[in-house]
Amino acid sequence: MSDALYTSAGPRPAHSVTVYRGADLRVVSGANLGDELSFADDLQPDDIYALSPRARPCRLAVQPSAGAPVHVAPFHVAPGSETGHPGAALHLDCCVIFMSGDGAMTEAIVLVETDSDGLVAQVYIMPLAPLQPRKDYALVGISAEGALARFAQAACVSFTRGTLITMASGAQRPIEDLRPGDRVLTRDDGPQDIRWIGNQVVRASGAFAPILIRAGALNNARDLLVSPDHRLFIYQRRDRLGTGRAELLVRARHLLNGESIVQQDGGFVEYYQMLFDHHQIIYAEGIAAESMLVDTRTRAALPAELSEQLAALLPRHRASDQPEIEVQEVMLQRPDAAELLRRSSVG
């Protein structure tokens, strides 16, 4: 098996996010006229920003730093990142809210890369909805406390309202009808109790625009709509993709082909997260998909009442995750990837 195909069994795989550099977004009117986007202490409410027409989004690979305490979430730039210096510290500085001339609100997370001396090396902005060049954006909100929670929500794997989940009895139930204590069929541990279910309604845009896997695309019984980074489990009876192993985890957004698997951008979407004592593979619309994984990126999405249980959940989820079987994006950058996986799973 090629090392290039999979992450090692040690560190968690990098979580790639789409960002612009701070210099791509500058103040065109206001107190900080001409300044590029900076960190929270330097930002001035009511300044008006514009995205440069030459700006190009890039992928920033983010990895949790080792030994992160529960109350903070330090990260670093992961190897292979399109931007940034691998190994450099990366901080979630704040969450900002922009308002455009038509009254639309756009949230974004400001990330700060620091060097070995702790000095700012680069500022990035991670829009949670698309930013348009040559359009004015007034800065109307700055929240240092909200950055971690919004980043966690974007990183969580989520199903959508109406998704049918296979229960321990074999019955199919919509995810919105499930409650803690209900028993769900898991691939590896049989019937398991749901520990917690969360849900929120968000704009179906940018980092939150769901991926539609049309019925049959991966041998799913009905359309399946999931969050972009949701990982699907594929058991290959025949290795048509050339990965070198039978069991695979693939992210939904890596399978986009414009036909059977597409991103649905626009309107709103209601997301549901399902948590078990261990990270599990469950069945949604007849195919295997992961449940919520508690790690440094996602734990801030959990409610305060679960905070005392995090110490137990974190090692359990870390031990039950299988990062070594996740297929990296480079292996899936072909238009027939989804079809090959579909055929692989049926022989």
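The values are calculated or read from the model by the stated rules, or taken from the named source; none is laboratory data. These numbers were taken from a predicted model, which means no experiment stands behind them. So basically every Cβ, Gly included, is an ideal-geometry build from the backbone, and we count neighbours across all protein chains shown. Side chains included, ligands, DNA and RNA excluded: accessible areas come from the protein's heavy atoms. Shrake-Rupley method; radii C 1.70, N 1.55, O 1.52, S 1.80 Å.
A few comments on the model shown:
- Averaging the sequence gap over all C-alpha pairs within less than 8 Å and six or more residues apart, then dividing by the number of residues, gives region 32-182 a relative contact order of 22 percent.
- Under a Gaussian network description of the chain, with springs only between Cα atoms under 10 Å, the residue in Leu25, Leu313, Leu119 that fluctuates furthest is Leu119.
- Net +/- balance of residues flanking Ser320 in space, Cβ distance below 11 Å, scoring K and R +1, D and E -1: -3
- Using alpha-carbon coordinates, inclination of helix 310-320 to the longest axis of the chain, degrees: 60
- Close amide-amide hydrogen proximity is noted between Ser205 and Gly266, each under 5 Å apart and 5 or more residues distant or on a separate chain (H modeled in the peptide plane; Pro and chain starts excluded).
- If you plug the beta carbon distance of Arg54 and Arg214 into 1/(1 + (r/R0)^6) with R0 = 41 Å, you get a FRET efficiency near 0.65.
- Cα centroid separation - region 236-262 against region 266-290, whole Å: 18
- Whole-percent carbon and sulfur share, accessible surface of the chain, 1.4 Å: 49
- Listed peptides 288-299, 166-177 appear in the order 288-299, 166-177 once ranked by packing, highest mean of other Cβ atoms within 10 Å at the front.
- Relative contact order %, the chain, counting alpha carbon pairs below 8 Å whose residues are six or more apart: 17
- Radius 15 Å from Cβ of Ala88, net charge of other residues (Lys, Arg +1; Asp, Glu -1): -4
- With both labels modelled 7 Å from their Cα along Cα-to-Cβ, the Arg161 to Asp46 distance reads 3.8 nm.
- The residues of region 229-325 present an accessible area of 38 Å² per residue when probed at 1.4 Å with all protein chains retained.
- In terms of the mean number of neighbouring beta-carbon atoms within 10 Å, the peptides 245-252, 327-334 order highest first as 245-252, 327-334.
- Cα long-axis angle, helix 146-155 against the chain (0 to 90 degrees, to the nearest 10): 30
- Other-chain or far-sequence residues with amide H under 5 Å of Ser16's (modelled H): Val62
- For region 53-65, the Karplus equation 6.51 cos²θ - 1.76 cosθ + 1.60, evaluated at θ = phi - 60°, returns couplings of x, 8, 5, 10, x, 9, 9, 9, 7, 10, 9, x, 7 Hz by residue, with Gly and Pro reported as x.
- Karplus-derived HN-Hα couplings along region 245-261 (A = 6.51, B = -1.76, C = 1.60, θ = phi - 60°), whole Hz, x at Gly and Pro: 7, 8, 9, 9, 10, 10, 7, 4, 5, 7, 9, 4, 9, x, 10, 7, 9
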